[in-house]
């Protein structure tokens, strides 16, 4: 093993200073996060860092998360610092109205969607918006095809929402079906697996890694809803190359971040918006709104427009100060 096998590149090494070398502060990557400690790897071995020091008591966006690179010295833990992130996947915590970091320095977002009655177009769109807001490539994985002989119907419903985003249909238990996904994980690529509980995230992770690194459970038979089995995020190596992070299922995804537009997730609506009479058209009551006209003429799904508005509001800088939560 080496730092490079954990995703270390020249992008991060340029932030190492002469003082770091003089004081023997070395880069380590956070591979797991617990309440009062971090599990990190220095390319040779893994060890723990306590998180009770002053450096860890800043605002949450400045706290380390799984995937972060730290510069660390065993001689002076308080001097630990987080290297600038290349990407940050985060969501809104409704109770506190603050952003929760899910993972950092992610290159690929695997959005796992089960081919069953729990499939939701709006939920898929929000996961795609999550990747776009973070500037991370997305790949949609349709799981549980072995349990639904008509899984092609789910894929057909989702395809119009993907545009240029690639997808793969798999049986997460059958490694012969995940070859395309495995090929996405080149050396140094870090992938994050997201999706609702019970869609097969942990099973997919285990199949890619080649061993059981996460517990799995069956979905509830009565409604096909998932059970939470992954209780903590952890970054693990894939033997054929790359790294993967599995996270607990997200039942309700509230987005946070800043995005003036969503050309990858809603390119059809963004294109129509350019034809509206007003540049800042909200597509509500304004005259000559091309977007609303498309809905009235049956060229655009009203559900999709509603979800687009909600996603745009959540990604607005003003949303964090909004007096009322918007349900999505």
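The values are calculated or read from the model by the stated rules, or taken from the named source; none is laboratory data. Computed from a predicted structure; not experimentally measured. Cβ: placed from backbone, ideal geometry, glycine included. Neighbour counts: every protein chain shown.
Computed values, structure above
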read-out: Which numbered condition residue 281 fails, given (1) in a loop (DSSP other than H, G, I, E, B); (2) closer than 27 Å to residue 136 by Cβ; value: (2)
read-out: Unique match (being surrounded by fewer than 17 Cβ atoms within 10 Å (Cβ to Cβ) and outside any helix (DSSP H, G or I)) among 149, 160; value: 149
read-out: Only listed residue being in a helix (DSSP H, G or I), modelled with pLDDT of 95 or more and in contact with a strand residue (DSSP E or B) (Cβ under 6 Å, 6 or more places away or on another chain), chosen from 155, 111, 140; value: 155
read-out: Qualifying residue in the range 309-326 (condition: loosely packed, with under 12 Cβ neighbours inside 10 Å, over 27 Å from residue 159 (Cα atoms) and at pLDDT 95 or above); value: no
read-out: Any chance residue 131 is out of contact with any helix residue (DSSP H, G or I) (no Cβ under 8 Å at 6 or more places or on another chain) and either free of Cβ contacts under 8 Å to residues at least 12 places away in the same chain or assigned by TED's automatic domain parsing to the domain that holds residue 313 (or both); value: no
